[in-house]
Amino acid sequence: MRAQTVPGAIAVATYDDYADAQRAVDFLADNRFPVDRVTIIGLDLRLEERVVGRLTIARAALAGAGTGAWFGLLIGVLLGLFTSEGWLWVVLIGVGAGALWGAIFGAIAHALTGGRRDFASVSAIRADRYAVLVEPEYADQAVDLLARLGHA
């Protein structure tokens, strides 16, 4: 598969919804259009950050414990592979130690922020519109296909 480039590409359709842009490209693919010549681009981007709650040292420790437990599980399973008996204990000790150290490091890391970010959030980049771009030599064919079935 070759690398996709946008410079020189022509917008053959725009959509308010990413799913509609995907459907348009899927339609082109179903009609044997060379979709390796197509790019979907998000226009008018903005960063949205949704605050999901207050972040306290206890919550930071809990989140750290969860992450540490997963890491401990991985290490415990790997070490358990090399043990002939009692592998379950190795895994459980790994999970426990990982959770403990994760909680400690999570609490310390949050305390070191000095209250500058006492909330948890989820970030996403959103676009207002999506453009389907096609390399110039295929633009007329794409416009015809999409217009024929009302997708433009």
Reported set for region 81-123 where residues are more than 15 Å from Arg59 (Cβ to Cβ), in contact (Cβ under 8 Å) with a residue 12 or more places away in the chain and touching a Phe, Trp or Tyr at 6+ places or on another chain (Cβ under 8 Å) is Gly98
Checked region 20-61 for anything surrounded by 11 or more Cβ atoms within 10 Å (Cβ to Cβ) and of a type in the set (Gly, Ala, Ser); matches are Ala21, Ala24, Ala29, Gly42, Ala58, Ala60, Ala61
The residue that is nearest to Ile57 (Cα to Cα), considering only those in region 124-152 that are exposed (fewer than 10 other Cβ atoms within 10 Å of the Cβ) and small (Gly, Ala, Ser), is Ala124
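Are any of the residues in region 88-106 in a loop (DSSP other than H, G, I, E, B), surrounded by fewer than 18 Cβ atoms within 10 Å (Cβ to Cβ) and aliphatic (A, V, I, L, M)?
No - not one qualifying residue is present in region 88-106.
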With the first residue restricted to region 124-142 and required to be of a type in the set (Asp, Glu), and the second required to be surrounded by fewer than 16 Cβ atoms within 10 Å (Cβ to Cβ) and in a strand (DSSP E or B), Cβ contacts under 6 Å at 6 or more apart or on different chains are Asp128/Asp44
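Being among the hydrophobic types (A, V, I, L, M, F, W, C), assigned to a helix (DSSP H, G or I), in contact with a helix residue (DSSP H, G or I) (Cβ under 9 Å, 6 or more places away or on another chain) and at pLDDT 95 or above is the requirement here; does Ala61 meet it? Write out each step before concluding.
Numbers: among the hydrophobic types (A, V, I, L, M, F, W, C): yes; assigned to a helix (DSSP H, G or I): yes; in contact with a helix residue (DSSP H, G or I) (Cβ under 9 Å, 6 or more places away or on another chain): yes; at pLDDT 95 or above: yes.
Spelling it out, Ala61 is indeed among the hydrophobic types (A, V, I, L, M, F, W, C), assigned to a helix (DSSP H, G or I), in contact with a helix residue (DSSP H, G or I) (Cβ under 9 Å, 6 or more places away or on another chain) and at pLDDT 95 or above.
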Flagged in region 30-65 as hydroxyl-bearing (Ser, Thr, Tyr) and farther than 19 Å from Pro136 by Cβ, in numbering order, are Thr56
If we ask which residues in region 64-85 are modelled with pLDDT under 95 and either in a strand (DSSP E or B) or of a type outside the set (A, V, I, L, M) (or both), their number turns out to be 6
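Hey, among Arg126, Arg116, which residue is basic (Lys, Arg), touching a Lys or Arg at 6+ places or on another chain (Cβ under 7 Å) and modelled with pLDDT under 95?
Values: Arg116 fails: touching a Lys or Arg at 6+ places or on another chain (Cβ under 7 Å).
Among Arg126, Arg116, only Arg126 is basic (Lys, Arg), touching a Lys or Arg at 6+ places or on another chain (Cβ under 7 Å) and modelled with pLDDT under 95.
The values are calculated or read from the model by the stated rules, or taken from the named source; none is laboratory data. Model, not experiment: these values are computed from the prediction. Using ideal geometry, Cβ is built from the backbone for each residue, glycine included, and neighbour counts are taken over all protein chains shown.
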